[in-house]
Amino acid sequence: MNSSLALSIERSKTLRVVAKNWAFFFLLFFLILFSITGRGFLSVMNFQNIVHLSVIAILMASAETFVIITSGIDLSIGFVMGLSSVTAGKIIQILYNSGNHSAGFSIFIGISIALVLSLIPGIISGIMIAKYKVPPFIATLGMWGITNGIALKISNGFPVAELPDSLTKIGNGYTLYYKPGGGFSFFGLPEGVGNEHIRDYIRLIPNSFLFLAIVLFILYFLLKKTKFGQHTYAIGGNEDAAIRSGINVKKHLIIIYTLSSFIAGIAGIFNIFQTGIGNFTPFGAMYELFAVAAVVIGGASLMGGKGGILASVVGVLLIAVLENGLLISGVEPFYRFIAVGLLLILAIVIDELFPDLF
Amino acid sequence: MGYLIETRNITKRFGGLVAVDNVSLGVNAGEVVAVLGDNGAGKSTLIKMISGVYPSDEGKIFFNGQEADINSPMDALAIGIETIYQDLALAENLNVYSNIFLGREKTKKFMGFVPVLDHDYMHEEASKVLKKLDINIPSLRNNVRTLSGGQRQAVAISRSIYWNAKVLIMDEPTAALGVAQQKQVLDLVNTLKDHGIAVILISHQMHDVFEVADRIVVMRRGEKVGDLVKAETSTEEVVNLIVGSEMVK
C-alpha cells in the first residue's frame with residue numbers, strides 16, 4: 001500500500017520512529033491516560049503488580065516469539081506450562097511429605113524433573129514439523145491435547161497442594177524491604193519483625209522480576225546477538241535461502257520448538273512459586289493465544305522473519321496495562337477482549353501500511 | 001590452455017527421458033559462456049549437474065584440469081562453484097552484510113567465552129567486496145527488502161565472490177529486472193570477468209547474451225548443437241540453432 005499518508009510518514013524520521021514503535025508509544029499513552037482516569041493506578045505497588053501478574057504471560061510470549069519468527073506457531077505452551085507445574089508439584093509433594101527430605105531438596109528435584117520433562121513435547125512437535133513436514137498448527141495442537149491430558153491425569157483434576165511454604169515466600173517475596181526511618185533488608189522482612197507489620201514496609205522489586213529479568217536477558221541475547229538468533233530470523237525470512245546457505249534448518253526448527261516448550265516449562269515453575277500449588281492449566285485460559293496476540297502486537301508477523309523479545313514484552317504489558325487500567329477506571333472487565341481484538345487489528349493494519357519499517 | 005571448469009560427455013536421464021545427452025562444455029577463467037536454448041532444451045539440468053544438484057549419469061566434470069567429484073551442492077561450493085538462482089536465495093528481512101555472511105557468520109567472544117555475532121567485522125568485509133566489484137549500495141545495514149532487483153542481484157553475486165567463487169553460474173540473472181538494472185547486472189558480469197571468474201550464463205535474452213558473452217553454447221533437446229565464438233556469429237545463426245531450422249533446411 002503506497003498511500004500518500006504512508007509515504008509521508010515513511011519520509012519523516014520522527015514519525016518513522018513512532019510508527020515503528022507504536023506499541024511502545026501506545027503503552028505510554030495508556031499509562032498516562034489511566035493515571036488520570038483511575039484512582040490508585042499511578043503507584044509503584046500497582047505497577048509492580050501489573051508486571052508480577054504478567055510474568056507468566058511474558059514468558060509465554062517470549063517462547064512464542066522464537067517460534068513465530070520462524071513463521072511457525074506453538075499452541076501447546078499453555079498446557080506444557082500446566083504439565084510442568086503439576087509435575088513439579090507432585091514430586092515436591094511426595095518428597096516433602098515423606099518427611100525424609102528438606103523443602104529445599106524437594107523443590108530442587110521437583111523443578112529439575114519438571115524442566116527436563118518440558119523439553120519432550122517440544123522435541124516431538126519439532127521432529128514432526130521439521131522431519132515429517134507436519135504443519136506447526138497441527139503438530140502443536142496434538143501436543144496441546146496430550147500435555148493437557150497428562151497434566152490432568154497427574155493432578156487428578158485438582159491443584160497439587162500441601163507444598164512447602166517457602167515456595168510462595170520466594171515467589172511472592174520482594175528483593176528489597178524498606179521502612180522509612182526503620183531500616184531495610186533484602187529478600188524478606190528484617191529479623192524479628194512479624195508478618196503483621198508487612199504493610200509498614202515499602203516492598204520493591206518482586207523476586208519474580210529478578211528471575212524474569214535473568215531469563216529475558218538470556219533469551220534476548222540468544223535471539224539478537226548469536227548465530228542461533230540470526231539463523232532463526234533467516235529461516236523465517238527465506239527458508240530456502242537458509243537451507244542453501246548451509247544452515248541445518250531441520251535441526252534448528254527442532255531446537256526452536258524444544259526451546260519454546262522449555263520456556264513454557266519455566267513458566268510452570270514460576271507459576272508454582274507464585275501460587276504455592278501445582279496448577280494444571282484451565283481449559284479456557286488460552287495462554288497460547290494471548291501470547292500470539294502479544295507477539296503480533298509487539299510487531300512480529302505470522303509470516304515470520306521479524307519480531308523480538310522486548311517487542312513481545314511491550315505487547316504483553318500493553319494488554320496487561322489495558323486490563324488493569326480499565327478495571328481501576330471502573331470499566332467492565334469483558335471490554336478486555338474487545339481491547340485486545342482492536343489492538344491486534346491495529347497491529348496488522350500498521351504492519352500492512354509500512355512494510356519497509358520493520 | 002586448460003579450461004577452469006569442464007564437462008566431458010556428461011549425460012543425465014530422468015527415466016526414459018534424456019535431459020542432457022553427451023555434452024562437453026568448457027569455460028576458461030575470465031570467460032563468459034552463455035548457454036542458450038528453448039524451454040526443455042536441458043540448460044537447467046546441465047548447470048544443475050555442475051552445481052551438484054543432480055549427479056550425472058555418465059561423463060565427468062573437471063575443475064582446473066582435475067577430475068572433480070561433485071555429488072552435492074556442498075561439494076560444488078567447496079571447490080568454488082557457486083550458483084546464483086533466479087530467486088537469489090536472499091533473506092529479505094536481513095541486512096546486506098548479514099546476507100553475505102549467511103550461514104557462515106563471523107563471531108567474536110563476548111566476556112571471553114560466549115560467541116556473539118561480529119557485526120563490525122562483517123560490515124567491513126562486506127563493504128570491501130562491494131567496493132572491489134564496483135557495487136554501490138547506500139547502506140549495508142539496510143534490509144535487502146528495501147533494495148532494487150539489480151542491487152539484490154549484486155548482493156547475491158558479492159556473496160559468492162566473497163566466499164571465493166571461481167566459477168559462477170547465473171540462471172536468468174536479468175529476467176525480472178528493469179532496463180537500467182539489467183545494465184547494472186551486465187556491467188557487473190564484465191567486472192567479474194576482469195577478476196578472472198569463469199561465468200556460465202543462462203539466459204533467454206539474446207541482447208544480454210551478445211552484450212557480455214565471449215562464447216555461446218546452444219542446446220536443443222538435450223544435445224549441444226552449437227559452440228560459437230560471439231565475434232564470429234550473429235543473432236540469426238543462434239536463433240536458427242535454437243529452433244532447429246538449420247536441420248530442417
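The values are calculated or read from the model by the stated rules, or taken from the named source; none is laboratory data. Small disclaimer: the values here were computed from a predicted structure and weren't measured. Note that we place each Cβ from the backbone using ideal geometry, even for glycine, and neighbour counts take in every protein chain shown. The protein model used for the area step is the full one, side chains on, heavy atoms only, and it has no ligands, DNA or RNA in it. Shrake-Rupley method; radii C 1.70, N 1.55, O 1.52, S 1.80 Å.
Side notes on the structure shown:
- With contacts taken as Cα pairs under 8 Å and at least 6 residues apart, chain B reaches a relative contact order of 27 percent.
- Seen against the Cα atoms of chain B and their longest principal axis, helix B:149-162 is set at about 80 degrees.
- GNM top mover of A:L28, A:L115, A:L216 - chain A, alpha-carbon springs below 10 Å: A:L28
- Prolate/oblate/rounded call for segment B:147-215, Cα gyration tensor, a/c under 1.5 rounded: oblate
- Value of Rg/Rh across chain B [Cα atoms, Kirkwood radius]: 1.01
- Pairs exceeding a 21 Å alpha-carbon distance, out of B:K43/B:K230; A:K225/B:K131; A:K250/B:K43; A:K224/A:K306; A:K251/B:K12: A:K225/B:K131; A:K250/B:K43; A:K251/B:K12.
- Our estimate of slack between A:F47 and A:V18, defined as 0.36 nm per intervening residue step minus the Cα-Cα distance, is 8.1 nm.
- Computed E for A:S102/A:E162 - FRET, C-beta separation, R0 22 angstrom, nearest 0.05: 0.90
- Among A:A234, A:A88, A:A294, residue whose mean-square fluctuation peaks in a GNM of chain A (springs only between Cα atoms under 10 Å): A:A234
- Most mobile listed residue (A:P333, A:P206, A:P121) in chain A, GNM with C-alpha springs under 10 Å: A:P333
- Segment A:27-351 - Kirkwood radius from inverse mean 1/r over Cα pairs (Å): 20.7 Å
- When B:K183, A:K153 are compared by accessible surface with a 1.4 Å probe, the order from highest to lowest is A:K153, B:K183.
- Rolling a 1.4 angstrom probe over segment A:59-196 with all protein chains present gives an accessible area of which 68% lies on carbon and sulfur atoms.
- Charge dipole of chain A about the Cα centre (unit charges at C-beta), most positive-ward option of A:S155, A:H231, A:V116: A:H231
- Estimated inter-spin distance, A:I32 and A:M286, nm [label 7 Å along Cα→Cβ]: 3.1 nm
- For the pair B and A, total buried accessible area rounded to nearest 100 Å², probe 1.4 Å: 1800 Å²
- Largest to smallest accessible area among A:H252, B:H195, B:H123 [probe 1.4 Å]: B:H195, B:H123, A:H252
- Accessible surface, 1.4 Å probe, highest first, among residues A:F211, A:F66, A:F262: A:F211, A:F262, A:F66
- Normalised contact order of segment A:35-170, rounded percent, pairs of Cα under 8 Å and 6 or more residues apart: 31 percent
- The heavy atoms of B:E105 present about 10 square angstrom of accessible area, all protein chains included, probe 1.4 Å.
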